[in-house]
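The values are calculated or read from the model by the stated rules, or taken from the named source; none is laboratory data. Bear in mind that the values here come from a model prediction, so they are computed numbers and not experimental data. Cβ atoms come from the backbone with ideal geometry, glycine included; neighbour counts cover every protein chain shown.
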């Protein structure tokens, strides 16, 4: 069953400087993120920081997060996975996003609450931009969220709701992937260029098929508030 989240309000891009952070729960996540969107070539948002429109004029995407190490306050988040769907009507930087989350059903009650706080932006810090840019949070569902790696392929499966696989794009040198390094992208500075061998979404009224479209792989090191 979906948990309805309050619509976020506009907040500071750098909330850690806000005195209202006092009393918020410290959190951190380290792991890997994969994302597949409807762009026909590599997503221009990585280098333009959302100032260039997606290749189709709008963005529809799914993402998966594997948490290798993490905590929300004293609650351990290590070993959990999260799935996301995102819908952006135009320039990423202009906001008005819609988003939804799938929270690993192995999470404890406290871990579940913490992950909702983090991915709704309410916990501030790295993901505080969701509170800034998302105008409608469609909800969060407990679900079996599987994030697996097979060689260089990464797979995210959330039942029949998200079924995705992404693989890196090889560069000139054999065995070396194309990587955009030293970026200011919010997810992390180094983004591996990838493509989706499978990208199916059947959730929250969305029916998307992004096989062969743009994808990204990123090592994440996020924290807050």
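A few comments on the model shown:
- Qualifying positions in the stretch 51-63 - assigned to a strand (DSSP E or B) and modelled with pLDDT under 90: none
- Screening 209, 221 for residues that are without any contact (Cβ under 8 Å) to a residue 40 or more places away in the chain and on the phi < 0 side of the Ramachandran plot leaves exactly one candidate, 209.
Results for (1) within 17 Å of the chain's Cα centre (by Cα); (2) surrounded by 15 or more Cβ atoms within 10 Å (Cβ to Cβ); (3) over 19 Å from residue 146 (Cα atoms), shown as yes or no for each residue.
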position: 180; (1), (2), (3): no, yes, yes
position: 184; (1), (2), (3): yes, no, yes
position: 189; (1), (2), (3): yes, no, yes
position: 197; (1), (2), (3): no, yes, no
position: 200; (1), (2), (3): yes, yes, no
position: 207; (1), (2), (3): no, no, yes
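- Search result, residues across the stretch 90-111 that are without any contact (Cβ under 8 Å) to a residue 40 or more places away in the chain and crowded, with 21+ Cβ neighbours inside 10 Å: 99, 107, 111
- Here is the figure for the stretch 90-114: residues that are in a loop (DSSP other than H, G, I, E, B), modelled with pLDDT of 95 or more and in contact with a strand residue (DSSP E or B) (Cβ under 8 Å, 6 or more places away or on another chain) total 3.
- Residue in the stretch 166-187 that is free of Cβ contacts under 8 Å to residues at least 40 places away in the same chain, within 19 Å of residue 67 (Cα to Cα) and not in a strand (DSSP E or B) present: no
- Scanning the stretch 131-165 for residues that are over 23 Å from residue 118 (Cβ atoms) and assigned to a loop (DSSP other than H, G, I, E, B) yields a count of 3.
- Put simply, of 186, 222 the only residue that is in contact with a helix residue (DSSP H, G or I) (Cβ under 7 Å, 6 or more places away or on another chain) and modelled with pLDDT under 95 is 186.
- Checking each residue in the stretch 7-50 for being more than 16 Å from residue 123 (Cα to Cα), part of a loop (DSSP other than H, G, I, E, B) and at pLDDT 95 or above picks out 38, 39.
Here's the yes/no breakdown for (1) under 18 Å from residue 50 (Cβ atoms); (2) crowded, with 18+ Cβ neighbours inside 10 Å; (3) in contact (Cβ under 8 Å) with a residue 40 or more places away in the chain:
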site	(1), (2), (3)
117	no, yes, yes
121	yes, yes, yes
127	yes, yes, yes
130	yes, yes, yes
138	no, yes, yes
153	no, no, yes
157	no, yes, no
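- Index of the failed condition, residue 195 passing every other in (1) assigned to a strand (DSSP E or B); (2) in contact (Cβ under 8 Å) with a residue 40 or more places away in the chain: (2)
- Among residues of the stretch 72-89, those that are assigned to a loop (DSSP other than H, G, I, E, B) and surrounded by fewer than 22 Cβ atoms within 10 Å (Cβ to Cβ), counted: 5
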